[in-house]
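*Asks:* Before I ask anything, here is the structure I am working with.
The values are calculated or read from the model by the stated rules, or taken from the named source; none is laboratory data. From a predicted model like this one, the values you see are computed outputs, not experimental measurements. Glycine gets a Cβ as well: all are built from the backbone with ideal geometry, and neighbour counts include every protein chain shown. These area figures cover heavy atoms from the full protein model, side chains too; ligands, DNA and RNA do not enter into them. Shrake-Rupley method; radii C 1.70, N 1.55, O 1.52, S 1.80 Å.
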Amino acid sequence: FDPNHLEPLRKLYLESRVATFTWLDTQAYELSDFDRDTEGEEIWVAIESDEVVGFISIWAADGFIHHLFVDPDFRKIGAGSQLVNLAKQRYSELSLKCFVQNSDAIGFYESQGFKAGETVENGAESYHLMRFISHT
């Protein structure tokens, strides 16, 4: 993460959440949410041709992936996988929460070796707790 990435990351975070979380009321989402929602986290950025195309933020103390977002125009070409692989290189155990209704993300994380464990029921914000444990 470089401070020059801040504005593109704010925009990516806002636009991705609004486009993805169609089952939630996203009208109150703001550009500044990125700052609050990633405070104190490690942030790694995917860059393609000098353009921010994705990011992952991790709460390092717990190896918890708090956010992983990739620009829709750059999905399915490996940016998300590369970000997750960087996290796997640094942490032998990772966890995350994934909304139950976000089937694309669930499929992605399963393809990366994550296993769904506990499901927390919370209406439209119900989520699976997913874990990755390295066997190396």
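*Asks:* So if R0 is 25 Å, what FRET efficiency would ARG75 and TRP23 give, r being the distance between their Cβ atoms, rounded to the nearest 0.05?
*Replies:* 0.85
*Asks:* Relative contact order, percent, of the chain when contacts are C-alpha pairs under 8 Å separated by at least 6 residues?
*Replies:* That works out to 18 percent.
*Asks:* With no solvent and one point per C-alpha, what does the Debye sum give as log10 I(q)/I(0) for region 77-129 at q = 0.14, 0.24 Å⁻¹?
*Replies:* Here the Debye-derived log intensity ratios amount to -0.39, -0.96.
*Asks:* Counting pairs of alpha carbon atoms under 8 Å apart in space and at least six apart in sequence, what relative contact order in percent does region 27-72 give?
*Replies:* After rounding, I find 27 percent.
*Asks:* With no solvent and one equal point scatterer placed on each C-alpha of region 43-136, evaluate the Debye formula and give log10 I(q)/I(0) for q = 0.16 Å⁻¹, two decimals.
*Replies:* The calculated log intensity ratios at q = 0.16 Å⁻¹ are -0.65.
*Asks:* On a full-extension model of 0.36 nm per residue, what is the gain between ASN85 and GLU15, subtracting their alpha-carbon distance, rounded to one decimal in nm?
*Replies:* 22.8 nm
*Asks:* Still on this structure, I have one more. Over the chain, average the accessible area per residue using a 1.4 Å probe and give it in Å², no decimals.
*Replies:* 59 Å²
*Asks:* Here is a further query. Nothing charged except the Cβ atoms of Lys and Arg (+1) and of Asp and Glu (-1): what's the magnitude of the dipole of the chain about its Cα centre? Round to the nearest 20 debye.
*Replies:* 520 debye
*Asks:* Here is a further query. So if R0 is 30 Å, what FRET efficiency would PHE1 and VAL120 give, r being the distance between their Cβ atoms, rounded to the nearest 0.05?
*Replies:* 0.55
*Asks:* Would you pull out the residues with amide H under 5 Å of VAL53's amide H, same chain only if 5 or more places away, H placed 1.01 Å from N?
*Replies:* Sorted by chain and number, the residues that satisfy this are ALA46, ILE47, GLU48.
*Asks:* Dividing the convex hull volume of the alpha carbon atoms of region 1-99 by its residue count, what do you get in Å³ per residue?
*Replies:* 106 Å³
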